[in-house]
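The values are calculated or read from the model by the stated rules, or taken from the named source; none is laboratory data. Owing to the predicted nature of the structure, the values given are computational and were not obtained by experimental measurement. Note that we place each Cβ from the backbone using ideal geometry, even for glycine, and neighbour counts take in every protein chain shown.
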Amino acid sequence: MDLKDCLKKMEAAGRLSYVKTEVDAVHELSGLCAKLEGGKALLFEKVKGYDIPVTSGMWWNRENIAAVFDTPAEKISALFSSAVASLREQPVAPVLVDNAPAQTVVMSRPDLTKLPVPTHALKDGGPYFSNCVIIAKDPDTGVRNTSIHRLMVTGENRMGILMDMGRHLRDYYERAEARGEPLEVTINNGLHPAYFVAATTPSSAAPLDVDELAVASFLLGEPARLCRSLTVAPEGIADAQVIMEGEILPYVREPEGPFGEVSGYYAQREDRWVVNVKAITMQSEPVLSMLHPGKEIMNGQGLGVEANLLQTIGKQVKGLKNVYMTHGGNHYHVVLQLDPPNEGMAKLAIIAAFAAFPDLQMVTAVNSDIDIYKPEDIEFAMVTRCDPAKDIIIVRGAFGHELNPLVKNNLAAKMGFDCTCPVPKPEEYTRIAFKDVNPAEYKIR
Ligand code: MN
């Protein structure tokens, strides 16, 4: 199954629209995405000046992605949670295949300007790949790492890259650079979402010595398929639409940015790391895949984060029922639904969530009688069950996400709201309930 098969599945489920009008890759493509965000995924058939189509929006809502996995939308989070759990239980190693579809066409000379890479937000510094899955190997142990990093096209065979603090790729690079060596990578675009889920598995679930591709194997129902690269040691993803082989150069820094980021703000232009692209291979009729900053990231990353928090916190704190990464929270706020067995356990669950996903700025804990997908319900819990004098936790100077403007030198305070009832639950916390009737059975005019 490759991206084109996934598009067919979404089309069959009525979750894909075709954009027939020609669009400009500079601002216009993303402009239309911004207007249609949240709905059916899009396939831009004609991008001005290119003969390669572009797709976006697979992660705009849970229904789109559910169509790919043949799973009801409300079960997607549990499916991803099982995939993350498989890392510890029975990880399935990837396999190497010959005659990879992704290597059908080899560009005679790597030229990124031949690919319809969009310039997304109005102040972006150039065309950006926002969802490529990067594979690298630990310079000491050879363990594979799979992760997603933004890449700005700056020349025919050159890109700027962001490697945020704390990420495994940054760790690999710093050890390679200390030896004066480049870090070789493959940059894979146009993938089955199973690879995206693997690449967004946080390090609390997949530590430095774990190959997160097993998450993709679980979701694919067969080992992830890799191919030997032409010019670098790390493998490419055999069913990718396009693979860029390259090296992140030691000691070289060049301007990268601005870029409209997941935070909802622009990341500023600064000197950052540089990729020298050595080869580009692709399928015979490739489709490029883009991620529109916003709802795609909330769902794309949110589902993975929810799955991971369910796994990790659920092991530490009893009574955890569900986790939701709120859309307004721009991946900085999760709601934990739990019925703590003892007084004070909800506060530990909040602290465990911060430790399991350091990007979080805010965690809200509510009981199982609160609908975590309804902001009104969460507000109800907050104003009736959170006593500000004792139920707000503030952790000062904690490690945070550097793209959040609140975070300075990777540090900011974090805030937790314990909106759970006292244990055992006093009678006055019982919510009003009515007889459960079906309005369709009544004549109402
Ligand atoms: Mn890793």
Residue tally, condition farther than 21 Å from Gln241 by Cα and more than 14 Å from the ligand (Cβ to nearest atom), over segment 141-154: 1
Selected residue (criterion: surrounded by the fewest Cβ atoms within 10 Å (Cβ to Cβ)) from residues of segment 332-354 that are in contact with a Leu (Cβ under 8 Å, 6 or more places away or on another chain) and not in a helix (DSSP H, G or I): His333
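Please tell me if Ala121 is in the same structural domain as Leu249 (by TED's automatic domain parsing), among the hydrophobic types (A, V, I, L, M, F, W, C) and more than 16 Å from the ligand (Cβ to nearest atom). So that I can check it myself, show each step before the final result.
Values: in the same structural domain as Leu249 (by TED's automatic domain parsing): yes; among the hydrophobic types (A, V, I, L, M, F, W, C): yes; more than 16 Å from the ligand (Cβ to nearest atom): yes.
Against the criterion (in the same structural domain as Leu249 (by TED's automatic domain parsing), among the hydrophobic types (A, V, I, L, M, F, W, C) and more than 16 Å from the ligand (Cβ to nearest atom)), Ala121 qualifies.
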Residue within segment 202-209 that is in a loop (DSSP other than H, G, I, E, B), within 20 Å of Phe129 (Cβ to Cβ), of a type in the set (S, T, N, Q) and not assigned by TED's automatic domain parsing to the domain that holds Tyr332 present: no
Selection within segment 145-168 - free of Cβ contacts under 8 Å to residues at least 40 places away in the same chain and under 22 Å from Ala279 (Cβ atoms): His149
Residue among Ala178, Ala194 that is of a type in the set (A, V, I, L, M, F, W, C) and either buried (at least 22 other Cβ atoms within 10 Å of the Cβ) or within 15 Å of the chain's Cα centre (by Cα) (or both): Ala194
Residue in segment 230-242 that is assigned to a loop (DSSP other than H, G, I, E, B), hydroxyl-bearing (Ser, Thr, Tyr) and either more than 23 Å from Arg272 (Cα to Cα) or in the same structural domain as Ala353 (by TED's automatic domain parsing) (or both) present: yes
Criterion violated by Gly38 - all others in (1) under 19 Å from the mean Cα position of the chain (by Cα); (2) under 23 Å from Ala238 (Cβ atoms) satisfied: (2)
Test for Val210: is it surrounded by 20 or more Cβ atoms within 10 Å (Cβ to Cβ), within 16 Å of the ligand (Cβ to nearest atom), within 22 Å of the chain's Cα centre (by Cα) and among the aliphatic types (A, V, I, L, M): no
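Filter segment 264-277 for residues that are under 16 Å from Met152 (Cα atoms) and touching a residue at least 12 places away in the same chain (Cβ under 8 Å) and give the result.
Tyr266, Ala267, Arg269, Glu270, Asp271, Arg272, Trp273, Val274, Val275, Asn276, Val277
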Subset of segment 155-170 that is touching a helix residue (DSSP H, G or I) at 6+ places or on another chain (Cβ under 9 Å) and more than 14 Å from the ligand (Cβ to nearest atom) - its residue that is farthest from Ile237 (Cα to Cα): Gly155
When residues of segment 388-415 are limited to those that are surrounded by 14 or more Cβ atoms within 10 Å (Cβ to Cβ) and polar (S, T, N, Q), the one farthest from the chain's Cα centre (by Cα): Asn410
Counted residues, segment 317-333 - those being without any contact (Cβ under 8 Å) to a residue 40 or more places away in the chain and in contact with a Ser or Thr (Cβ under 7 Å, 6 or more places away or on another chain): 1
Subset tally (residues that are touching a helix residue (DSSP H, G or I) at 6+ places or on another chain (Cβ under 8 Å) and either modelled with pLDDT of 95 or more or on the phi < 0 side of the Ramachandran plot (or both)) for segment 29-47: 7
Sole residue being within 23 Å of the chain's Cα centre (by Cα) and either in the same structural domain as Leu191 (by TED's automatic domain parsing) or part of a helix (DSSP H, G or I) (or both), chosen from Ser77, Ser17: Ser77
Hits in segment 386-418 - residues which are touching a Ser or Thr at 6+ places or on another chain (Cβ under 6 Å) and over 14 Å from Asp359 (Cα atoms): Phe417
Residues (under 19 Å from Phe259 (Cβ atoms), touching a strand residue (DSSP E or B) at 6+ places or on another chain (Cβ under 7 Å) and of a type outside the set (Val, Ile, Thr)) located in segment 17-31: Ala25, His27, Leu29
Residues being within 16 Å of the ligand (Cβ to nearest atom), of a type outside the set (D, E, K, R) and more than 22 Å from Pro116 (Cα to Cα) - total across segment 219-247: 3
